[in-house]
Each structure stands twice: as C-alpha cells, then as structure tokens.
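Below is one structure, written out as structure tokens; comments come after it.
Every read-out reported here was derived from the displayed coordinates using simple, explicitly stated rules and does not represent laboratory data. Remember, it's a predicted structure, so these values are computed and weren't measured experimentally. Here the Cβ is made from the backbone with ideal geometry for all residues, glycine too, and neighbour counts use every protein chain on show.
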Amino acid sequence: MFPFFLLLVPAVCAVDFRLLHRIHHPSLPSDLFLERGSLRLDDASTHASFSPAPDSDTDLRSFVQTALQLDDALYQLALVSAADAVDAPSHVSSVKAVRPVCSRPRLVGPLTRP
C-alpha cells in the first residue's frame, strides 16, 4: 500500500531568483531595474549559485558613469522570484553609489530564507 502521507512531504527542490539592479537618485525619476543575474538556492539554503546576465558588465560601466555625475546617487539591488514582474520588486536594498575599486564583480551575503 502506498503511504499517502508522503504526498504531504515537500519535495527537495531549488528556488530560483532574479537579481536586479539600478542607479537611483531620490530627486530624479526612477529608472527601471535591469537584470544583474540569476540566483539559485538549494532547499536547505546552504548553497547558492549565481549566473550573471550577459549585459551586466555593460550595465555596471554605465552605472559608474552615472554615479560619478550625481551626488547622493544610490545603487539599488532587488531580489525577485523568477516568476515575479521586474517592474515592481518588493525587496530592494540601497547603498550609496561609489566608484568600484575591485577588478571583478563579487556577490557577498548571507544565505537565509525569509
């Protein structure tokens, strides 16, 4: 006999997110978020993999030029599930936009689920 309670146990699966970014200035109209890449978390949230979007390096170079021209500009990152709309992300983090000093992009952050 098949144990039907096994149907209630969630399957082990990965969760996919999209990481978006933009330069934002509080006194100017908001630009749209651009895709930075995709983030995949395993079910236990102990491992993540990041795949950069093809145009993310071009976006970052453009952001540097914008940040150098504006005082108090913010670099914003947004995390949305793969199925959510890009135009209205609900989880946004902002830091003061400065000229980067590293030679290659890195992502550092905790791997916890809300």
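What's the extension gain from S90 to S30 if we count 0.36 nm per residue and subtract their Cα-Cα distance? Display every interim value, and only then the final one.
Values: separation 60, 0.36 × 60 = 21.60 nm, distance 1.50 nm.
Between S90 and S30, full extension yields an extra 20.1 nm.
Here the stretch 15-96 was treated as a single set of alpha-carbon atoms; its pair distances binned every 5 Å from 0 give 3, 15, 23, 24, 17, 10, 5, 2, 0 percent. Ordering 18-24, 75-81 by mean Cβ neighbour count within 10 Å, with the highest value first, yields 18-24, 75-81.
Distance between the pseudo-spin-label points of S81 and S51 (7 Å out from Cα toward the beta carbon): 2.0 nm.
Mind checking the full-extension length gain between S38 and S62? Use 0.36 nm per residue of separation minus the Cα-Cα distance, one decimal, nm. Show your work: numbers first, answer last.
On the way: separation 24, 0.36 × 24 = 8.64 nm, distance 2.01 nm.
Using 0.36 nm per residue and subtracting the Cα-Cα distance, I get 6.6 nm.
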